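A quick write-up on the structure given underneath.
Derivation of every value follows stated rules applied to the coordinates shown; laboratory data play no part. These figures come from a predicted structure and were not determined experimentally. Here the Cβ is made from the backbone with ideal geometry for all residues, glycine too, and neighbour counts use every protein chain on show.
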Amino acid sequence: MKVAIASDHGGLNIREEIKSLMDEMGIEYEDMGCDCETSVDYPDYAVPVAEKVANGEVNKGILICGTGIGMSIAANKVKGVRCALVHDMFSAKATREHNDSNILAMGERVIGPGLAREIAKIWLTTEYEGGRHKNRLDKISTYESK
Ligand code: RB5
C-alpha cells in the first residue's frame, strides 16, 4: 500500500505524527507538503493528493488542516474520491467498512496527535465490507459519471 499525505499550516504536527505511525507500520508514503509554517491554501494540497488517489498512483490519501473541513471539501471535488472527515475511532472503522473511503481528513485544531494516530491506524488497516454497501457506492459513481 502507498499513501499520499499532505497538510496545510494548520496540520503540520499531526502530519508528522501520522508519518511516524506509517514508518512504524512499514507503510510507504509520499509527503506532498506543505513545507512551510506560514499560511497556505488547503486546496493547493488537497487536490494533488486527491488526484493521485483518483488516478491510482497511490492507494489512499491522508489530509490534515485546522478543522479537516476545507481539505475534505476540496478532495471530494475530485471524481472517484471518497474523503471522510473523521475525529473518532468508531467513524474511522465505519467509513472504511461502509464507504470504502480512500482519503482520511482530520483537523489538528479539533483533536490531538494521540487520537489522530489511533484513528489513522484503524483507518489504514480496516477493510471495505462490500455487500450491501456496494450498491450505495455505485449510485455515487453513477452520479459522478453523468
Ligand atoms: C486555515 O486557517 C484553516 O482555515 C484551515 O486549516 C482549515 O481549517 C480549513 O478548513
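A few remarks follow.
- Highest-fluctuation residue, GLY61, GLY112, GLY11 considered, GNM on the chain with Cα pairs under 10 Å: GLY112
- The phi-based Karplus calculation (6.51 cos²θ - 1.76 cosθ + 1.60; θ = phi - 60°) puts the 3J(HN,Hα) values of region 33-38 at x, 7, 9, 10, 10, 8 Hz, whole numbers, x for Gly and Pro.
- Taken along its three principal axes, the alpha carbon spread of region 6-50 comes to 30, 20, 12 Å, from the longest extent down to the shortest.
- Helix-only arithmetic for the chain: the sum of -39500 (n - 2.57) across DSSP H runs with n ≥ 4, divided by the residue total, places the mean residue ellipticity at 222 nm at -15000 deg cm²/dmol.
- When the convex hull of its Cα atoms is viewed from all sides, region 87-146 shows a mean projected area of 4.6 nm².
- Anisotropy class of region 17-91 from Cα gyration tensor, a/c 1.5 cut: rounded
- Over the chain, Cα pairs under 8 Å with separation of 6+ residues give a relative contact order of 25 percent.
- Separation of region 6-47 and region 100-124, taken as the distance between their Cα centroids, equals 12 angstrom.
- About its Cα centre, the chain has a charge dipole of approximately 800 debye under the convention of +1 per Lys or Arg Cβ and -1 per Asp or Glu Cβ, with nothing else charged.
- Considering only GluC sites (Glu not before Pro) in DSSP loops that have at most 16 other Cβ atoms within 10 Å, the longest stretch of the chain without any of them is 58-126.
- Placing unit charges on each Cβ (+1 for Lys and Arg, -1 for Asp and Glu) gives the chain a dipole about its Cα centre, and among ALA6, GLY130, TYR42 the Cα reaching farthest toward its positive end belongs to GLY130.
- Kirkwood Rh in Å, taken over all unlike Cα pairs in region 48-144: 13.4 Å
- In region 83-113, trypsin sites (Lys or Arg not before Pro) in a DSSP loop with at most 14 other beta-carbon atoms within 10 Å: ARG109
- Note on region 50-136: with charges restricted to the Cβ of Lys and Arg (+1) and Asp and Glu (-1), its dipole about the Cα centre is near 200 debye.
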